[in-house]
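Here is the structure we will look at.
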Amino acid sequence: MLNTARINLRLFWDGAVLSYIALFRWLRPSTYIASKVFGPLVYMLFFVLLGRYATGSSDASFFVIGNAIQMCAWSGIYGITMSITGDHWDGTLPYVFGAPANRLIVFLGRAFIHVIDGYLGVVLGFFWGITLLGLDLSQTSLPALALVVLITTISTSGLGMLLGCLSLMTRNVMFVNNTVFFGLLLFAGANVDVATFPGWMQSISYALPLTRGIQAGRAIVAGADLSQVSGLLSTEFLFGLIYIALGYVLFRWFEKQAKRRGTLEAV
Amino acid sequence: MTLKTIKAYARAVAITFEITLRQNFSDAFIIFAVIVQPMIIAILALWMLRDIGGDIGIFVIVGSGLTGLWSGLLFISGNSITGERWVGTLEGLVASPTPMAVIVFGKNLANVFQSLASMIASYIAVALLFDLRITIEQPWLFAASLLVTVVAFICFGLIMAGLFVINPAFAQFQNGLEFPIYILAGFLFPIAMLPGWTTPISYVLAPYWAAVALHGSATGSVPPAEIGFAWLMMLVFSLVYVLASGRIFRIVLRKARVDATLSMQ
Amino acid sequence: MNAIQVDHLRRVFTTNVGRFRRESKEVVAVDDVSFAVGDGELFGLLGPNGAGKTTTVKMLTTLLIPTSGSARVGGFDVEHESQKISSTIGFIFGGERGLYWRLSGIDNLRYFASLYHVEPAVAAKRIPYLLDLVGLKDRGNEKVEGYSRGMKQRLHIARALIHDPQILFLDEPTIGLDPVGARELRLVIRNLQAEKKTILLTTHYMFEADMLCQRIAVIDKGNIVALDTPEELKKLVLDLSVIEVEVFGVQDDLLEKIRKQKFVDNVSVENRDQRQILTVQTPRGSEAIPDLMAIFDGRRVGKVTSREPTLEDAYVRLVGGDA
């Protein structure tokens, strides 16, 4: 029992850390840090400036909060899909499927570190917002904001896990990733008020993770307390779980199909 | 240079153009960069800017199209040489009697030409989703501006392809160069929004002058003389880029032959 | 004038090791190589993997700058006159890379024809001729990604010949090919020889060099250890005969022990399915068999034969067993 737990912990850890290192090892350490620190700033700047131009107002907190929380999609979508499909590329997937490892642990392990990574990305987004873009958090309950960010990061990563598994079946991982990331940018409302969308666009927005998280984040920053956003948050979390579950089912299905058809290495 | 060599180079550019287009046609990443991304940016930007009024429709189409033009240049033309290295064809190209600059010119011509699809994609997105009056105020000036822009982008691409090979560190910042140019070149909002110290940086960027000429002629908000000045700036920069790229390519290829980096093995 | 003239060519590679503390390490790929290839000659550069063959060819095809020494190809210096060399030479490096897989064979050839300034009218005639020459006449319109490895390598030959170069560099052209494909390719090389092209061929297959080349340079650890006609090279081992012993699993210590025997000149091992063939070169001929058997000391042994030495044995003697 204890031994199983230890093995699973190792699996989780290896999946998390090793896949993360594999993903970024082509970068020099200094470049890696620079891209992590300044990457978010550049994206935020573009949309915040666009927002300022649109509203003619210097108060850009609507856009700052939206884009800061959107940062979690960076790791949640790109990071996770790449680390799930990374196996595929290295030809190591057969070993994962061949090993008597607990699939769920392997699956979650691959996502875990990107959730942390995404979380830190959002924190950095808020940091740039406060230091450079005039974001005011004086009315804000920081623990509540932290919880909002955590739940939103998890749910967005859930979508990433589903995409990662879908990507196992396509050659065009980056096409899917990019389209979903930019789709989120439009539909999740980081830069627009979703309520102004026509009905069909709103139904897309509310089927996605991140949308409610961004709304909850804006409310908390404006001074709301946790109970006022509990509805948004619990639905956001639920959506995250649904996406993770779908992803896991797909992962197992892919394994079965691949074993049946002998396509573990060639898709 | 004899007439015969010039003819041979022209033929090399023509076939490189054809081959590159045909190869890119089935590349999902390129389709994303020059069609999907500009479309989404166009929808998003128009949704944000729709209350400003005026010629916002054409402004967003041109601006989003420019983002596609720039992203295409950065990610496709920027990899003109490194991409050949990944495929293993770089040695064959370097050893041919056609100078590398001529080959990369042909490739960039194809890339920039096909990146113009981003303008059309933006137009389609905006026209389908929004009920807006979309007209180009000065069509002839706009067409001429587009032509000068294409020239300037091709020449800029020459420099980038060279720099990305010289130093892998540049290439690692490739992702980080996409949005700063969107900002500094004033594609979707005026550079007056930026702090004053960034203005000189904008002035030395050909994409900035491209935005001035294209926005100006499309919306009719800029007098023809200023559009002419923007053309002049783009052509001057193009000349500088071309002259510098000849030198950069010589250095790059010499260095690659010394460091044994023409192939990946 | 020699088509290829190589004088004390040397090439050192610097590689970075380590991720955080980058240290550089120097590897001498080509130490000190000199040779000359006459006009219309088919010259072989023979050596084990890592001997420096490819590095030498890359320097001669202007793709690598020598660390020191010099070389002239078609009378031009490889370092400073690379532009002039480019239209007089053609080259292939063994393997599948270096073609545009998403294009057809014909399009690949059209592209390189233009880059090599072949007049369109000339190219229009030459492309079908070359496709026929390399046996791809019916597949020219298909995308290269659907080609077998052998077809890709033959397309490479056609690419290298598109501008009808006088000097050809063929670096391990038959590597990775099935026996039939390799034989067809050697036939193509024979035909090129008949057209009086100067050809520098590298290979680590002895019989291939023996079959095709007029002269052979044996290269090992970056140096040329012998250079002569195949017939003369064979004379190097006239004093020896060869005993071949079939064994089943051979330990290194046994090999060492055999190598140390006074009557043994050289030993090499070749894997064949579940067995190995131990090749022992000895001046004593079949008389040495009983002494050899004594060393095996009752271990299981298959067929034992004695034969005259071949060029391959000369090669083994020159590069010392690790062929």
Practice prompt. Sort B:17, C:43 by accessible area with a 1.4 Å probe, largest first.
Written response: B:17, C:43
Worksheet item: Share of antiparallel DSSP beta bridges in the protein assembly as shown, in percent to the nearest 5?
Response: 70 percent
Response to the item:
residue B:103 neighbourhood, Cβ < 15 Å, K/R = +1, D/E = -1, net charge +2
Discussion item. Give me the extension gain from residue A:261 to residue A:59: residue separation times 0.36 nm, minus the current Cα-Cα distance, reported in nm with one decimal.
Written reply: 67.0 nm
Worksheet entry | Mean accessible surface per residue for region B:3-257, computed with a 1.4 Å probe while every protein chain stays in place, in Å² | 38 Å²
Fill in: Full-extension gain in nm, residue C:196 to residue C:269, via 0.36 nm per residue minus C-alpha separation
22.4 nm
Fill in: Solvent exposure, largest accessible area first (probe 1.4 Å, DNA, RNA and ligands not counted), of B:86, B:47, B:197, B:140
B:140, B:197, B:86, B:47
Worksheet item: Based on Cβ point charges of +1 for Lys and Arg and -1 for Asp and Glu, what charge dipole magnitude is obtained for the protein assembly as shown about its Cα centre, in debye rounded to the nearest 20?
Response: 440 debye
Discussion item. Against the empirical 2.2 N^0.38 Å scaling, what ratio does the C-alpha Rg of region C:1-79 come to?
Written reply: 1.26
Worksheet item: Once amide H atoms are built 1.01 Å from N in the peptide plane, which residues 5 or more positions from residue C:226, or in another chain, come under 5 Å H to H?
Response: C:218
Worksheet item: In Å² (nearest 100), what accessible area is buried between B and C, both sides summed, heavy protein atoms only, 1.4 Å probe?
Response: 3100 Å²
Discussion item. Testing the spin-label approximation: label points 7 Å from Cα along Cα→Cβ at residue C:149 and residue A:196. State their distance in nm.
Written reply: 6.1 nm
Worksheet item: Applying the Karplus parametrisation 6.51 cos²θ - 1.76 cosθ + 1.60 with θ = phi - 60° to the phi angles of region C:103-117, what ³J(HN,Hα) value in whole Hz is obtained for each residue in order, glycine and proline being reported as x?
Response: 10, 6, x, 4, 5, 4, 5, 4, 4, 5, 4, 5, 5, 8, 6
Discussion item. Over region C:121-161, with the other protein chains present, what is the accessible area per residue in square angstrom, probe 1.4 angstrom?
Written reply: 46 Å²
Discussion item. Whole-Hz ³J(HN,Hα) for each residue in region B:247-257, computed from phi via Karplus 6.51 cos²θ - 1.76 cosθ + 1.60 with θ = phi - 60°, x for glycine and proline: what do you get?
Written reply: 5, 4, 4, 4, 5, 4, 6, 4, 5, 5, 6
Practice prompt. Go through region A:202-218 residue by residue and turn each phi into a ³J(HN,Hα) via Karplus (6.51, -1.76, 1.60, θ = phi - 60°); whole Hz please, and just put x for glycine and proline.
Written response: 4, 5, 5, 3, 7, 8, 9, x, 6, 4, 5, x, 5, 4, 4, x, 4
Item to complete: Would you mind checking the radius of gyration and Dmax of chain B based on alpha-carbon positions, in Å?
Response: 18.9, 59
Worksheet item: What is the calculated FRET efficiency for residue C:13 to residue C:306, with r their C-beta to C-beta distance and R₀ = 45 Å, to the nearest 0.05?
Response: 0.55
Fill in: Rounded, prolate or oblate (a/c below 1.5 giving rounded, otherwise prolate when a/b exceeds b/c) for the protein assembly as shown by Cα gyration tensor
oblate
Fill in: Burial order of peptide ranges B:153-160, C:161-168, C:262-269 (average beta-carbon count within 10 Å, highest first)
B:153-160, C:161-168, C:262-269
Practice prompt. Roll a 1.4 angstrom probe over the protein heavy atoms and tell me the percent of accessible area of region C:134-188 that is carbon or sulfur.
Written response: 48 percent
Practice prompt. Pop out the carbon and sulfur fraction of the accessible area of chain B as a percent, whole number, probe 1.4 Å.
Written response: 72 percent
Practice prompt. Place the peptides A:59-68, B:220-229, C:63-72, C:87-96 in order of packing, highest mean first, counting for every residue the other Cβ atoms within 10 Å and averaging per peptide.
Written response: A:59-68, C:87-96, C:63-72, B:220-229
Practice prompt. Give me the number: length gained by fully extending residue C:180 to residue C:211, i.e. 0.36 nm times residue separation minus the C-alpha to C-alpha distance, one decimal in nm.
Written response: 9.6 nm
Worksheet entry | Area buried, chain A against chain B - accessible surface, total, 1.4 angstrom probe, square angstrom | 3000 Å²
Fill in: Calculated FRET value between residue A:169 and residue C:142, using beta carbons and R₀ = 35 Å, to 0.05
0.85
Discussion item. Quick check for me: using +1 on Lys/Arg Cβ and -1 on Asp/Glu Cβ, what's the dipole size of chain B about its Cα centre, in debye to the nearest 20?
Written reply: 980 debye
Discussion item. Which residues, if any, in region C:28-69 lose at least 40 square angstrom of accessible heavy-atom surface (probe 1.4 Å) when the other protein chains sit next to their chain rather than the chain being alone?
Written reply: C:58, C:63, C:65
Item to complete: Could you sort the residues of region B:172-213 by number and keep only those whose accessible area is reduced by 40 Å² or more in the all-protein-chain setting relative to the chain alone, 1.4 Å probe?
Response: B:172, B:173, B:179, B:183, B:189, B:193
Response to the item:
The answer for the per residue Cα convex hull volume of region B:24-174, in Å³, is 117 Å³
Worksheet, complete the sentence: Ignoring ligands, DNA and RNA, the residues of region B:87-118 whose accessible area with a 1.4 Å probe is reduced by 20 Å² or more relative to the chain alone are B:87, B:88, B:89, B:91, B:92, B:93, B:95, B:96, B:97, B:98
Item to complete: Using only the alpha carbons, work out the radius of gyration and Dmax of region A:173-267 in angstrom.
Response: 17.5, 56
Practice prompt. Please express the shape of chain C as an equivalent ellipsoid: the semi-axes are the square roots of 5 times the eigenvalues of the C-alpha gyration tensor, given largest first in whole angstrom.
Written response: 40, 23, 20
Worksheet item: Can you give the FRET efficiency for residue B:229 and residue A:127, using 1/(1 + (r/R0)^6), R0 = 56 Å, r = Cβ-Cβ distance, to the nearest 0.05?
Response: 0.85
Response to the item:
Computed about the Cα centre, the charge dipole of chain C from +1 Lys/Arg and -1 Asp/Glu charges at the Cβ has a magnitude in debye, to the nearest 20, of 900 debye
Response to the item:
Extend 7 Å from the Cα of residue A:136 along its Cα-to-C-beta direction; within region A:201-233, residues with backbone N under 12 Å of that point are A:222-223
Worksheet item: For residue A:193, what accessible area in Å² do you get when you roll a 1.4 Å probe over the heavy atoms of the protein chains, rounding to the nearest 10?
Response: 80 Å²
Worksheet item: Put +1 on the Cβ of each Lys and Arg and -1 on the Cβ of each Asp and Glu in the protein assembly as shown; which of C:251, B:215, C:166 then has its Cα farthest toward the positive end of the dipole?
Response: B:215
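The values are calculated or read from the model by the stated rules, or taken from the named source; none is laboratory data. Owing to the predicted nature of the structure, the values given are computational and were not obtained by experimental measurement. Note that each Cβ is placed from the backbone with ideal geometry, even for glycine, and that neighbours are counted across all protein chains shown. Remember, those area values only see protein heavy atoms, side chains included, never the ligands or the DNA or RNA. Shrake-Rupley method; radii C 1.70, N 1.55, O 1.52, S 1.80 Å.
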